[in-house]
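J.: Submitted below is the structure of interest, expressed as structure tokens.
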Amino acid sequence: MDELITYSVYLPFLLSAMLGWLFIPRVLILSHRKRLFDMPDERKTHDMPVPRLGGITFLPILLMCVCLVLGFWMTRQFPFPVGELETLIIRFVLLFVGMMMLYLVGVVDDLIGVSYQAKFMVQIACAVLFPLSGLWIHDLSGLFWVNEIPDWVGIPLTVFVVVYVTNAINLIDGVDGLAAGICFVALLTLGMAASVKGQYLFMVVAFGMLGILLPFWSYNVFGNIEKGNKIFMGDTGSLTLGYLVSFLLIYMASGAGVSFPREMLVIGLSTMVVPMFDIVRVVMARIRNHRNPFLPDKNHIHHKLLRTGIGSRWVMLILVLTSLIIVLVTMWCVKAQIDTTWIFFIVLGVWLVFDYSVNYFIYKNHRQRYE
């Protein structure tokens, strides 16, 4: 068992982190030579061109990491039920097919731009791959007092959740380190949840992506634009990262009560509360103002925090800590055996208090500036 944990947690994490430190500097060199930059505009928080292709390292490194670890598994001849292994391979192969589709769309978007309609169509096509592999939401684990749900509800709900979570990560990526930080919390939580039931391939993928995020986060947050060592993940990174997180959540929901304890689903969903609730708030505000809900603006939670007068690093730190606090509150509620639906309302209350607090500090900062 200890050896399996080593090959499922420490090995993929260290391998991917090492490959990240190796490849990201090379992407920086390529970006500067070919002048592949994210140009500043009225919606961006940076005022100088910055390379935006950090995300092109995510999928190749993860694939190398997973394949190397599987190779180690085979050479060590770890016992795996044949039927279970075949099912896992089908699901994870189709995961990587979907990630590759979004990866290619992201690369094109980062280089020349892609319309939001085209991105939605590709996201839907990628989401459909999950039910094709036999993976969809079967059980809501008591959320809104619903447990098992029929396939005709679970399959379209799965497609919706995949598109929702993928876009949530894509849209929250507006401040240095924010999307990577929130996904780091999510992947760590999901990876630890997988260890409860010995979902080893799940752990390899989760901790493999965790390792990649570590060097990227360092360059993204602490890199210096003038020295040329700062980089963004771009849509390539945020789309593939969001799709991976959605896969792990759907995998958890599909196995609720079997592969995972039922209460793990609400803990997994709590890791995405900040970006998912923010989308709902932003879309409602756009509809209320008679604007297209799909067109970008500067009303996301990180934009609001910037309007309080604090710097971008504080914005990132506050939102990542908020995400972590929500996860810890959810864990405490689960341990206290509080009903899943009431946990949702407690988490919603935490979010609303946070959002209204941000509104108060925006008002306070605005009043101080014009007094």
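J.: Which one of these is free of Cβ contacts under 8 Å to residues at least 60 places away in the same chain and of a type outside the set (A, V, I, L, M, F, W, C): Pro215, Pro150?
T.: Values: Pro215 fails: free of Cβ contacts under 8 Å to residues at least 60 places away in the same chain.
It is Pro150.
J.: Criterion first (under 22 Å from Leu143 (Cβ atoms), modelled with pLDDT under 90 and surrounded by 12 or more Cβ atoms within 10 Å (Cβ to Cβ)) does Val329 satisfy it?
T.: No.
J.: Among the residues of the stretch 142-180, which ones are aliphatic (A, V, I, L, M) and closer than 20 Å to Thr322 by Cα?
T.: Within the stretch 142-180, Val165, Ala168, Ile169, Leu171, Ile172, Val175, Leu178, Ala179, Ala180 meet the criteria.
J.: Another question, if that's okay. Give me the pairs, please: first residue somewhere in the stretch 24-35 and under 15 Å from Gly237 (Cβ atoms) and touching a residue at least 60 places away in the same chain (Cβ under 8 Å), second residue anywhere and among the charged types (D, E, K, R) and surrounded by 14 or more Cβ atoms within 10 Å (Cβ to Cβ), beta-carbon distance under 8 Å, and either six or more positions apart or on two chains.
T.: From residues that are under 15 Å from Gly237 (Cβ atoms) and touching a residue at least 60 places away in the same chain (Cβ under 8 Å), the pairs are Ser31/Arg52.
J.: Now for a separate question. Does Leu178 count as closer than 13 Å to Leu62 by Cβ and within 13 Å of the chain's Cα centre (by Cα)?
T.: Answer is no for this residue.
J.: Only one of these conditions is not met by Ala206: (1) assigned to a helix (DSSP H, G or I); (2) open to solvent by 10 Å² or more (accessible area, probe 1.4 Å). Which number is it?
T.: Of everything listed in (1) assigned to a helix (DSSP H, G or I); (2) open to solvent by 10 Å² or more (accessible area, probe 1.4 Å), Ala206 misses just condition (2).
J.: Something else: Can you name the residue in the stretch 139-154 that is open to solvent by 60 Å² or more (accessible area, probe 1.4 Å) and touching a helix residue (DSSP H, G or I) at 6+ places or on another chain (Cβ under 6 Å) and, of all such residues, is nearest to Ser246 (Cα to Cα)?
T.: Phe144
J.: To continue, here is another question. Hey, any hits in the stretch 236-255 for a residue that's open to solvent by less than 10 Å² (accessible area, probe 1.4 Å) and touching a strand residue (DSSP E or B) at 6+ places or on another chain (Cβ under 8 Å)?
T.: Among the residues of the stretch 236-255, at least one is open to solvent by less than 10 Å² (accessible area, probe 1.4 Å) and touching a strand residue (DSSP E or B) at 6+ places or on another chain (Cβ under 8 Å), which makes the answer yes.
One line per residue, one yes/no per condition, for (1) at pLDDT below 90; (2) surrounded by fewer than 23 Cβ atoms within 10 Å (Cβ to Cβ); (3) in contact with a His (Cβ under 6 Å, 6 or more places away or on another chain):
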{"residue": "Thr166", "(1), (2), (3)": "no, no, no"}
{"residue": "Ile172", "(1), (2), (3)": "no, no, no"}
{"residue": "Ala180", "(1), (2), (3)": "no, no, no"}
{"residue": "Phe184", "(1), (2), (3)": "no, yes, no"}
{"residue": "Gly198", "(1), (2), (3)": "yes, yes, no"}
{"residue": "Val221", "(1), (2), (3)": "no, yes, no"}
{"residue": "Asn224", "(1), (2), (3)": "yes, yes, no"}
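J.: Of the residues Leu129, Leu104, only one is open to solvent by 30 Å² or more (accessible area, probe 1.4 Å), within 21 Å of the chain's Cα centre (by Cα), of a type in the set (A, V, I, L, M, F, W, C) and at pLDDT 85 or above; which?
T.: Working: Leu129 fails: open to solvent by 30 Å² or more (accessible area, probe 1.4 Å).
Residue meeting the stated conditions: Leu104.
J.: For a quick check of your reading: which helices (runs of 4 or more DSSP H) sit entirely within the stretch 255-371 and have at least 2 residues that are without any contact (Cβ under 8 Å) to a residue 12 or more places away in the chain and closer than 25 Å to Phe160 by Cα?
T.: The qualifying helices (runs of 4 or more DSSP H) are 273-288, 340-370.
J.: Restricting the search to the stretch 186-196, which residues are in contact (Cβ under 8 Å) with a residue 60 or more places away in the chain and open to solvent by 10 Å² or more (accessible area, probe 1.4 Å)?
T.: Thr189, Ser195, Val196
J.: Can you find a residue that is touching a strand residue (DSSP E or B) at 6+ places or on another chain (Cβ under 9 Å) and more than 23 Å from Ile89 (Cα to Cα) anywhere in the stretch 150-171?
T.: No, the stretch 150-171 contains no residue that is touching a strand residue (DSSP E or B) at 6+ places or on another chain (Cβ under 9 Å) and more than 23 Å from Ile89 (Cα to Cα).
J.: Can I ask one more? Among the residues of the stretch 268-302, write down those that are open to solvent by 10 Å² or more (accessible area, probe 1.4 Å) and closer than 15 Å to Val358 by Cα.
T.: Within the stretch 268-302, Phe277, Arg281, Lys298, Asn299 meet the criteria.
J.: Continuing with this model, one more query. On the basis of being open to solvent by less than 40 Å² (accessible area, probe 1.4 Å), touching a Phe, Trp or Tyr at 6+ places or on another chain (Cβ under 7 Å) and either in a loop (DSSP other than H, G, I, E, B) or under 30 Å from Glu148 (Cα atoms) (or both), does Ile231 make the cut?
T.: Yes: the conditions hold for Ile231.
J.: Quick one: Met99 ticks every box in (1) touching a residue at least 24 places away in the same chain (Cβ under 8 Å); (2) farther than 30 Å from Trp73 by Cα; (3) not acidic (Asp, Glu) bar one, so which box is it?
T.: Result: Met99 fails condition (2) only.
J.: Yes or no: the stretch 113-120 includes at least one residue that is part of a helix (DSSP H, G or I), at pLDDT below 95 and either of a type in the set (A, V, I, L, M, F, W, C) or within 24 Å of Leu210 (Cβ to Cβ) (or both).
T.: Taking the stretch 113-120 and keeping what is part of a helix (DSSP H, G or I), we get 116-120.
Within this subset, residues satisfying the condition of being at pLDDT below 95 are 116-120.
Checking which are either of a type in the set (A, V, I, L, M, F, W, C) or within 24 Å of Leu210 (Cβ to Cβ) (or both) leaves us with 118, 120.
The answer is yes; a qualifying residue exists.
The values are calculated or read from the model by the stated rules, or taken from the named source; none is laboratory data. Here the structure is a predicted model, which is why all the values come from computation and not from measurement. Counting neighbours? That spans all protein chains shown, and the Cβs are built from the backbone with ideal geometry, glycine included. For the accessible areas, the whole protein counts, side chains as well, though only heavy atoms, and no ligand, DNA or RNA atoms are used. Shrake-Rupley method; radii C 1.70, N 1.55, O 1.52, S 1.80 Å.
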